[in-house]
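Following: one structure in structure tokens, then a few remarks.
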Amino acid sequence: MKKETAIRPFGLRDKVGYMFGDFGNDFTFLFASTFLMIFYTKVLGIGMGIVGTLFIVARCVDAFTDVAMGQIVDRAKSTKDGRFRPWIRRMCGPVAIASFLMYQSSLANASMTVKVIYMFVTYILWGSVFYTSINIPYGSMASVLSSESDDRSSLSTFRSVGAALASLIVCVGGPMLIYTTDAAGNQIVDGPRFTLIAGVFSVGAIICYLLCYYMTTERVQQIDVRLDEKPSVVKSMKAAITSRSLMGIIAASIFLMLGSLMSQSVNQYVFIDYFKDKAGISLLSLCAIIPSFVLAPFIVPLTRKFGKREMGAIGCFIGGGACVALYFMHTASMMAYIGVSIISYLGFGFFNMIIWALITDVIDDQEVKTGKREDGTVYAVYSFARKIGQALSGGMGAWALALAGYNSSVQVQTPEVANKIYDVATMIPGILYICVGLCLFTIYPLSKKKVESNIAVLKERKKAHNEEN
């Protein structure tokens, strides 16, 4: 009992610490999502089709590594630091080093065979092994920092703020350093700078991960220790994949990842090849993170009143509609393009800020139905689905650009190709964001009323368990 009363109450320190976790994640993840395809095509000169294939192959590997990591953290014995936090300390170095290794511009003059092999090895090592080993424990940790719904909404909000801060550095500052302008006014990638920036971001990731580790505290303990029950991966996975709430949030998240990451990566080409202005990339990235700070104070009050599912779906409908409007406008004005994009970011940005709270709701729902709390397994299945969305977005973007006639052997594209790139960057994400809202309303069952019911059930179970012991 003394240990329980000595635990520091949940507060701002945990929220800020958890925020730094996603800040660290996005120093490598967001950098890869936004610029890795640029590095592969414009620095190494690797074809779009091969890059798209890489993303698909890596996700096949993830099918095994994500689930394995989820099972490892669920079966791990709790230490004085908890079950999840120790992994952040252990893996922050390996994931940062692996990220840096992906961006070696010195390979630009190597043979295509060497470049492709190096690309496959380093990307899979970073994404499928090391990033998985830190991201799944980090994501699962949200459900054990507090059992209160409002606290979890706050954690989700702070996590999104961390991602926004990382975006401010990676997406706003990155283009200004990576691109240079030639005599004709075209935007050219500077390979050596790419490598240097990757190294700086890797160091930043380590610092943020350590801040997350030292500032957070695990509080929610597993009631069902299951000492005499043999762990069953098959049973755990079956329970997870037959959960309607998990499948609903997975469907919504895949569409979200397809839309946001595809838009994020293809927009690089829109501003370089269509608007021919690298400053537009930074300006759009800055505008993309502003909604996070604008919406942050209203997330908890609005979700408390109307529900997380309900508010997230409405936001995605608004965001999708704005993207479709951009397609039909086909504007030549960069500022008009950015202005309408802000409406889109405000819309689906709301869902982005509550997504992690929705995952903790799914974990609770699973525990109510099965009597077992398997944070790692549920989060691992969800994480794998997000990576599928990431891979498909990269693959779709690469293949769409290839169909548009994009030529990776030259840095300047024709006006016809540039116009097709614009179309890809607007209509397709718009349709995908609308699909997110439809998934939330038609598949995902955890309405405001259901979430409140699940929390009440779990509190009663824990109360009864404490009385018995």
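The values are calculated or read from the model by the stated rules, or taken from the named source; none is laboratory data. Keep in mind that this is a model prediction, so the values were computed, not measured. Here the Cβ is made from the backbone with ideal geometry for all residues, glycine too, and neighbour counts use every protein chain on show. Side chains included, ligands, DNA and RNA excluded: accessible areas come from the protein's heavy atoms. Shrake-Rupley method; radii C 1.70, N 1.55, O 1.52, S 1.80 Å.
Residue check: is TYR131 part of a helix (DSSP H, G or I) and touching a Gly at 6+ places or on another chain (Cβ under 7 Å)? Step through it out loud before you land on a result.
Details: part of a helix (DSSP H, G or I): yes; touching a Gly at 6+ places or on another chain (Cβ under 7 Å): no.
It is false that TYR131 is part of a helix (DSSP H, G or I) and touching a Gly at 6+ places or on another chain (Cβ under 7 Å).
Considering SER106, SER99, SER147, which residue is surrounded by 24 or more Cβ atoms within 10 Å (Cβ to Cβ) and either in contact with a helix residue (DSSP H, G or I) (Cβ under 8 Å, 6 or more places away or on another chain) or under 24 Å from VAL67 (Cα atoms) (or both)? Spell out how you get there, then give the answer.
Values: SER106 fails: surrounded by 24 or more Cβ atoms within 10 Å (Cβ to Cβ); SER147 fails: surrounded by 24 or more Cβ atoms within 10 Å (Cβ to Cβ).
After applying the criteria, what remains is SER99.
Here is a list: THR377, THR360. Which entry is touching a helix residue (DSSP H, G or I) at 6+ places or on another chain (Cβ under 6 Å) and within 18 Å of ASP22 (Cα to Cα)? It would help to see each step written out before you state the result.
Values: THR377 fails: within 18 Å of ASP22 (Cα to Cα).
Result: THR360 is the single residue among THR377, THR360 that is touching a helix residue (DSSP H, G or I) at 6+ places or on another chain (Cβ under 6 Å) and within 18 Å of ASP22 (Cα to Cα).
Which one of LEU196, LEU165, LEU211 is under 20 Å from MET37 (Cβ atoms) and either open to solvent by 40 Å² or more (accessible area, probe 1.4 Å) or not in a helix (DSSP H, G or I) (or both)? Working first, answer last.
On the way: LEU165 fails: under 20 Å from MET37 (Cβ atoms); LEU211 fails: under 20 Å from MET37 (Cβ atoms).
Selected residue: LEU196, the only one of LEU196, LEU165, LEU211 that is under 20 Å from MET37 (Cβ atoms) and either open to solvent by 40 Å² or more (accessible area, probe 1.4 Å) or not in a helix (DSSP H, G or I) (or both).
Can you confirm whether segment 23-37 contains a residue that is in a helix (DSSP H, G or I) and over 19 Å from ALA164 (Cβ atoms)? So that I can check it myself, show each step before the final result.
Step one: list which residues in segment 23-37 are in a helix (DSSP H, G or I), which gives 23-37.
With the extra rule that they be over 19 Å from ALA164 (Cβ atoms), the set shrinks to 36-37.
There is at least one residue in segment 23-37 that is in a helix (DSSP H, G or I) and over 19 Å from ALA164 (Cβ atoms).
Pick from GLU229, GLU218: which is modelled with pLDDT of 80 or more, of a type in the set (Asp, Glu) and surrounded by fewer than 22 Cβ atoms within 10 Å (Cβ to Cβ)?
Details: GLU229 fails: modelled with pLDDT of 80 or more.
After ruling out the rest, the residue left standing is GLU218.
Only one of (1) at pLDDT below 85; (2) open to solvent by less than 40 Å² (accessible area, probe 1.4 Å); (3) of a type outside the set (A, V, I, L, M) fails for ARG159. Which number is that?
For ARG159, the failing item is (1).
Select from segment 168-185 the residues that are open to solvent by 10 Å² or more (accessible area, probe 1.4 Å) and of a type in the set (Gly, Ala, Ser) and write down the one among them that is modelled with the highest pLDDT.
It comes out as GLY173.
For VAL417, state whether it is under 30 Å from ILE124 (Cβ atoms) and assigned to a helix (DSSP H, G or I). Show your work before the answer.
Values: under 30 Å from ILE124 (Cβ atoms): no; assigned to a helix (DSSP H, G or I): yes.
No.
As an exercise: evaluate THR5 against (1) at pLDDT below 90; (2) surrounded by 16 or more Cβ atoms within 10 Å (Cβ to Cβ); (3) more than 20 Å from the chain's Cα centre (by Cα) and give the number of the one condition it does not meet.
Tallying (1) at pLDDT below 90; (2) surrounded by 16 or more Cβ atoms within 10 Å (Cβ to Cβ); (3) more than 20 Å from the chain's Cα centre (by Cα), THR5 fails exactly one: (2).
Just to be sure before I move on: is PHE298 farther than 25 Å from GLN268 by Cβ, open to solvent by 40 Å² or more (accessible area, probe 1.4 Å), assigned to a helix (DSSP H, G or I) and aromatic (Phe, Trp, Tyr) in the structure I sent? It would help to see each step written out before you state the result.
Numbers: farther than 25 Å from GLN268 by Cβ: yes; open to solvent by 40 Å² or more (accessible area, probe 1.4 Å): yes; assigned to a helix (DSSP H, G or I): yes; aromatic (Phe, Trp, Tyr): yes.
So PHE298 passes the test.
Working carefully through the options ASP277, ASP273, find the one that is over 21 Å from the mean Cα position of the chain (by Cα) and open to solvent by 10 Å² or more (accessible area, probe 1.4 Å). Quick ask: steps written out before the conclusion?
Working: ASP273 fails: open to solvent by 10 Å² or more (accessible area, probe 1.4 Å).
After applying the criteria, what remains is ASP277.
Can you name every residue in segment 344-375 that is over 17 Å from GLN264 (Cβ atoms) and free of Cβ contacts under 8 Å to residues at least 60 places away in the same chain?
PHE350 - this is the single residue of segment 344-375 that is over 17 Å from GLN264 (Cβ atoms) and free of Cβ contacts under 8 Å to residues at least 60 places away in the same chain.
Out of SER453, SER409, report the one residue that is among the hydroxyl-bearing types (Ser, Thr, Tyr) and modelled with pLDDT of 80 or more. Please lay out each step first, then the result.
Working: SER409 fails: modelled with pLDDT of 80 or more.
Among SER453, SER409, only SER453 is among the hydroxyl-bearing types (Ser, Thr, Tyr) and modelled with pLDDT of 80 or more.
Would you mind finding the one in LYS448, LYS420 that is under 23 Å from GLU367 (Cα atoms) and of a type in the set (Lys, Arg)? Talk me through it step by step, then tell me what you get.
Numbers: LYS420 fails: under 23 Å from GLU367 (Cα atoms).
After ruling out the rest, the residue left standing is LYS448.
Return the only residue of ILE223, ILE188 being crowded, with 16+ Cβ neighbours inside 10 Å, farther than 20 Å from GLY162 by Cβ and modelled with pLDDT under 60.
Values: ILE188 fails: modelled with pLDDT under 60.
Exactly one of ILE223, ILE188 is crowded, with 16+ Cβ neighbours inside 10 Å, farther than 20 Å from GLY162 by Cβ and modelled with pLDDT under 60, namely ILE223.
May I ask you to list the residues in segment 61-96 that are surrounded by 15 or more Cβ atoms within 10 Å (Cβ to Cβ), out of contact with any Leu (no Cβ under 8 Å at 6 or more places or on another chain) and of a type in the set (Lys, Arg)?
Once the filter is applied, which keeps residues that are surrounded by 15 or more Cβ atoms within 10 Å (Cβ to Cβ), out of contact with any Leu (no Cβ under 8 Å at 6 or more places or on another chain) and of a type in the set (Lys, Arg), segment 61-96 yields ARG75, ARG83, ARG85.
Within segment 337-347, is there a residue that is open to solvent by 20 Å² or more (accessible area, probe 1.4 Å) and closer than 30 Å to LEU145 by Cα? Even if it seems obvious, please write down each step before you answer.
Taking segment 337-347 first, the residues open to solvent by 20 Å² or more (accessible area, probe 1.4 Å) are 339-340, 342-343, 345-346.
Now drop any that are not closer than 30 Å to LEU145 by Cα, which leaves 345-346.
Scanning segment 337-347, I find at least one residue that is open to solvent by 20 Å² or more (accessible area, probe 1.4 Å) and closer than 30 Å to LEU145 by Cα, so the answer is yes.
Can you work out which of the residues in segment 32-60 that are open to solvent by 10 Å² or more (accessible area, probe 1.4 Å) and polar (S, T, N, Q) is nearest to TYR179 (Cα to Cα)?
So, considering only residues that are open to solvent by 10 Å² or more (accessible area, probe 1.4 Å) and polar (S, T, N, Q), the one nearest to TYR179 (Cα to Cα) is SER33.
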